[in-house]
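Student: Let me give you the structure first, and then I'll get to my questions.
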Amino acid sequence: MMHDMIAKLANTARYTPEGLEIALDLHTTVRPPIPWNQRTIEQRLHVVLPPDLQTLWNNAAEVRLFEDMTYGQWGLVLLSSVDAISQTLAFRDERSRDVLDGDVVIGIFLGDLELLVVRCDVAASDYGKVIVAREIDHRIQWPIASDSLTTFIATFIEHDGVKYWETPAQ
């Protein structure tokens, strides 16, 4: 499923969602995959990467979803494996009070200071879950956006790049 989503995204360049208060010129770009070494990343970060994250990096170096080309205040960048390592190490240094073993930063939301984190502690009950790390909140307040990366991406696309986990249930 992840492979199919990446292939479909690669063919979607420009998008203007309906129902937003202002018109945004949004682009989705998929950079072709680059070689990466799962074992190196897992050893460096002391994690076990979930299969859907492996599939993402096997099919794309970086994915920029719903990137606002006018104001730069909207969108999500799914990081390359190299950028995920550096962002994760910085996250561990800067947010040590909130970070748990197994947290891996795989995305950055444009226009704010939120990070997309995948839980990669295979021994934990939340292995593979996707969490949104908010800059001003402590971990206890971070929302779980999805049970898996595949489901997160599909739902994010379904909601046209809107942060669906912040929207009250109807």
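Student: Calculate the FRET efficiency for TYR127 and TYR71 from the Cβ-Cβ distance with a Förster distance of 45 Å, rounded to the nearest 0.05.
Tutor: Given R0 = 45 Å and the Cβ-Cβ separation, E is 0.80.
Student: Taking H placed 1.01 Å from N in the peptide plane, check which residues at least 5 places from ASP103 or on another chain put their amide H under 5 Å from its amide H.
Tutor: Under 5 Å from the amide H of ASP103 lie the amide H atoms of CYS120, each far enough along the sequence or on another chain.
Student: Which value results when the Cα radius of gyration for region 83-170 is divided by 2.2 N^0.38 Å?
Tutor: Here the Cα radius of gyration is 1.05 times the empirical estimate.
Student: Something else now. Tally up the carbon and sulfur contribution to the accessible surface of region 52-170 as a whole percent, 1.4 Å probe, everything protein left in place.
Tutor: Of the solvent-accessible surface of region 52-170, carbon and sulfur hold 51 percent.
Student: Quickly estimate the mean residue ellipticity at 222 nm for the chain, helices only: each DSSP H run with n ≥ 4 gives -39500 (n - 2.57), and the total goes over all residues, rounded to 500.
Tutor: -8500 deg cm²/dmol, from helical runs alone.
Student: Still on this model: Dipole of region 15-170 (Lys/Arg Cβ +1, Asp/Glu Cβ -1, origin at the Cα centre): which of MET69, THR40, SER86 lies farthest to the positive side?
Tutor: Working it through, the farthest residue towards the positive pole turns out to be THR40.
Student: Taking the Cα centre of the chain as origin and charging only Cβ (+1 Lys, Arg; -1 Asp, Glu), how large is the dipole, in debye to the nearest 20?
Tutor: That gives the chain a dipole magnitude of about 460 debye.
Student: Hey, another quick one. Put +1 on the Cβ of each Lys and Arg and -1 on the Cβ of each Asp and Glu in the chain; which of GLY161, MET2, VAL132 then has its Cα farthest toward the positive end of the dipole?
Tutor: MET2
Student: Express the accessible area of region 63-151 per residue in Å², computed with a 1.4 Å probe while the remaining protein chains stay in the model.
Tutor: Counting only protein heavy atoms, the per-residue value for region 63-151 is 45 Å².
Student: With Kirkwood radius over Cα pairs in Å as the read-out, I listed [x] 16.3; [y] 19.8; [z] 17.2; which label goes with the value calculated from this structure?
Tutor: Step by step, Kirkwood radius over Cα pairs in Å for this structure corresponds to label [x].
The values are calculated or read from the model by the stated rules, or taken from the named source; none is laboratory data. It should be emphasised that the depicted structure is a prediction, and the values quoted were computed from it without experimental measurement. With ideal geometry, Cβ positions are generated from the backbone for all residues, glycine too; neighbour counts draw on all protein chains shown. What goes into the accessible areas is simple: the full protein's heavy atoms, side chains included, and nothing from ligands, DNA or RNA. Shrake-Rupley method; radii C 1.70, N 1.55, O 1.52, S 1.80 Å.
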